[in-house]
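Have a look at the structure below, then the notes.
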Amino acid sequence: MLLSQSAVPASRSSAGTGAARVDLQEAQAAGNLELPGAELSGEEVTVAVVPMQPDEFRCARCFLAHHRSQLAGQPDGREVCPDCS
């Protein structure tokens, strides 16, 4: 079966609007979703900051503190963790 040239763009454009309609419906559904106990704007968070220990190093790439046993290497004299090496 052969389609006329005008039928092809029409089918493409109608498929595109259907996808946009689905995305819009998903966004509206997600916007109305409210989790119980999720309102934390009035909460104050306190965190105890512990100084870096002598047996830890700070990765030069991800800047996370790791135990010395996780030291993967020191390229260019910089300490790097296994995830970043």
Next item on the list: State all residues of segment 34-52 that are more than 22 Å from the chain's Cα centre (by Cα) and either aliphatic (A, V, I, L, M) or surrounded by 10 or more Cβ atoms within 10 Å (Cβ to Cβ) (or both); if no residue qualifies, say none.
Entry: V45, V47, A48, V49, V50, M52
Checklist line | Complete set of residues in segment 63-82 that are in contact with a Lys or Arg (Cβ under 9 Å, 6 or more places away or on another chain), part of a strand (DSSP E or B) and farther than 12 Å from M52 by Cβ | finding: V80
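FYI, it's all coordinate maths here, none of it is from the lab. This structure is a prediction, so every number in the text was calculated from the model and none was measured. Cβ coordinates were reconstructed from backbone atoms using ideal geometry, including for glycine residues, and neighbour counts include every protein chain displayed.
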